[in-house]
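The values are calculated or read from the model by the stated rules, or taken from the named source; none is laboratory data. None of these values were measured; they are calculated from a predicted model. Cβ placement follows ideal geometry from the backbone for every residue including glycine, while neighbour counts extend to all protein chains displayed.
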Amino acid sequence: MNATENRLRALIDEHFDLDREASLDGEFSEVGVSSMDAVAFMRIVEREFGVSIPPEERAGITNFRKLVAHLDAKTG
C-alpha cells in the first residue's frame, strides 16, 4: 500500500460509514457510495491533496483505485 492509498483510506474511513473496509477496485455504487457522495468526496480529496480534478476527469474516476492512480499522477 502506497502513501496515497493510505491517506485515501483514512479519508474514506473518516467520511463514509461503510459496513466493511471499502474495496478500492469496486465501482463506487458497488461499495455503497452514491454518485453525489463520490463528487463531494472528490472535493474533499482535492483539498486534502492540493490538486484539482476537473469534472471531465471526475467522470472517468469510477472507483477508489482509479482515484489513487489519478492522485499519484498529479502529485508524483
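What the table shows:
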| item | result |
| --- | --- |
| Pairs where the first residue, in region 1-17, is in a loop (DSSP other than H, G, I, E, B) and the second is surrounded by 11 or more Cβ atoms within 10 Å (Cβ to Cβ) and modelled with pLDDT under 90, C-beta under 8 Å, 6+ apart | Phe16/Ala22; Phe16/Gly32; Phe16/Val33 |
| Wholly enclosed helices (runs of 4 or more DSSP H) of region 26-76 bearing at least 1 residues closer than 14 Å to Leu11 by Cα, among the aliphatic types (A, V, I, L, M) and out of contact with any Asp or Glu (no Cβ under 6 Å at 6 or more places or on another chain) | 35-49, 64-75 |
| Residues located in region 32-44, provided they are over 12 Å from the mean Cα position of the chain (by Cα) and surrounded by 13 or more Cβ atoms within 10 Å (Cβ to Cβ) | Gly32 |
| Scope region 1-44; condition aliphatic (A, V, I, L, M), more than 13 Å from Thr62 (Cβ to Cβ) and touching a Leu at 6+ places or on another chain (Cβ under 9 Å); matching residues | Leu8, Ile12, Ile44 |
| Test result for Ala22, outside any helix (DSSP H, G or I) and touching a helix residue (DSSP H, G or I) at 6+ places or on another chain (Cβ under 8 Å) | yes |
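Condition check ((1) surrounded by 12 or more Cβ atoms within 10 Å (Cβ to Cβ); (2) under 16 Å from Ala73 (Cβ atoms); (3) touching a Gly at 6+ places or on another chain (Cβ under 8 Å); (4) modelled with pLDDT under 90) across all residues:
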position	(1), (2), (3), (4)
Leu8	yes, yes, no, no
Glu21	no, no, no, yes
Gly26	yes, no, no, yes
Ser29	yes, no, no, yes
Glu46	yes, yes, no, no
Phe49	yes, yes, no, no
Pro55	no, no, no, no
Arg58	yes, yes, no, no
Asn63	yes, yes, yes, no
